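The values are calculated or read from the model by the stated rules, or taken from the named source; none is laboratory data. Just so you know, these numbers come straight off a predicted model, no measurement behind them. Here the Cβ positions follow ideal geometry from the backbone for every residue, glycine too, while neighbour counts run over all protein chains shown.
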Amino acid sequence: MNQDKLERCLQQHKLWLETDGIKGARANLQDTVLLGVNLQDADLREGDLRGADLRNADLERTILWGVDLQRANLWSANLQDADLRGVNLQSADLQDADLRGANLQGADMQGVDLWRANLQGADMQSADLRGMNLWDANLQGADLRGADLRGVNLWDANLQGAQLGTNIRYCDNFNGAKFTPDALPWLILHPKWAEIKGTVKIEENVA
């Protein structure tokens, strides 16, 4: 889809939102190729982007509240400060994506691949992260309180300054991950702590 056609779609979606569906049309971008498109500051609330190809797209500050992004390809996309509350991201590809400061409260992210993604300062409270791959991801200062971490892979992830809780005990592993000392009371609850504590890096400074 070219930029002009996309702009028309966004205008119709805006009208649909403003009139509670009386006018305009809901954005249906299911399986649409949107490589590298500029969607900065766009309002796509309740849109359908299932299976959309958004590789390298610019979604900075985009409002994606309640959007269906199942199976979407967001590889290397810019999602800085995006509003992703309650979004459905099941089986989406977010490898190498920039999610710094993104709001992911209550998001469904089961099975999402976030290898090497940047989630510094992201709010992931109460998000469903089951089975997620966060290998080598940057989670510095991220808020993971109340998130479902069952089966999550945190191998080599940077969690310095991240806000955690007893939920860390349910992740699959955090071998080689970085933490600050305040995380220790939670880390020792992990059933494999005795096996992996030698690989974990505890550092004072968040860098």
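Taking residues in region 172-185 that are in contact (Cβ under 8 Å) with a residue 24 or more places away in the chain and within 16 Å of Ala157 (Cα to Cα), and partners anywhere that are part of a strand (DSSP E or B) and polar (S, T, N, Q), the pairs with Cβ atoms closer than 6 Å and at least 6 places apart or on different chains are Lys178/Asn158.
Among the residues in region 112-126, are any acidic (Asp, Glu) and under 20 Å from Arg61 (Cβ atoms)? Yes, because at least one residue in region 112-126 is acidic (Asp, Glu) and under 20 Å from Arg61 (Cβ atoms).
Each residue in region 96-128 was checked for being within 15 Å of Asn158 (Cα to Cα) and not in a loop (DSSP other than H, G, I, E, B), and 2 of them qualify.
Looking across region 1-42, just one residue is within 25 Å of the chain's Cα centre (by Cα), loosely packed, with under 15 Cβ neighbours inside 10 Å and among the β-branched types (Val, Ile, Thr), and that is Val33.
Is at least one residue of region 132-151 part of a helix (DSSP H, G or I), over 23 Å from Arg55 (Cα atoms) and either over 12 Å from the mean Cα position of the chain (by Cα) or modelled with pLDDT of 95 or more (or both)? Scanning region 132-151, I find no residue that is part of a helix (DSSP H, G or I), over 23 Å from Arg55 (Cα atoms) and either over 12 Å from the mean Cα position of the chain (by Cα) or modelled with pLDDT of 95 or more (or both), so the answer is no. Quickly run through region 54-68 and pick out the residues that are surrounded by fewer than 19 Cβ atoms within 10 Å (Cβ to Cβ) and more than 15 Å from Leu79 (Cβ to Cβ). The answer is Gly66, and nothing else. For region 97-112, a residue qualifies if it is within 11 Å of Met124 (Cα to Cα) and in contact with a Gly (Cβ under 6 Å, 6 or more places away or on another chain), and the qualifying residues are Gly101, Gly106.
Only one of the listed residues (Ala52, Ala27) is among the small types (Gly, Ala, Ser), more than 25 Å from Gly161 (Cβ to Cβ), in contact with a His (Cβ under 7 Å, 6 or more places away or on another chain) and free of Cβ contacts under 8 Å to residues at least 60 places away in the same chain. That residue is Ala27.
Residues checked against (1) among the polar types (S, T, N, Q); (2) without any contact (Cβ under 8 Å) to a residue 60 or more places away in the chain; (3) touching a strand residue (DSSP E or B) at 6+ places or on another chain (Cβ under 6 Å):
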| site | (1), (2), (3) |
| --- | --- |
| Leu74 | no, yes, no |
| Arg85 | no, yes, yes |
| Val112 | no, yes, no |
| Trp115 | no, yes, yes |
| Ser126 | yes, yes, no |
| Asn133 | yes, yes, yes |
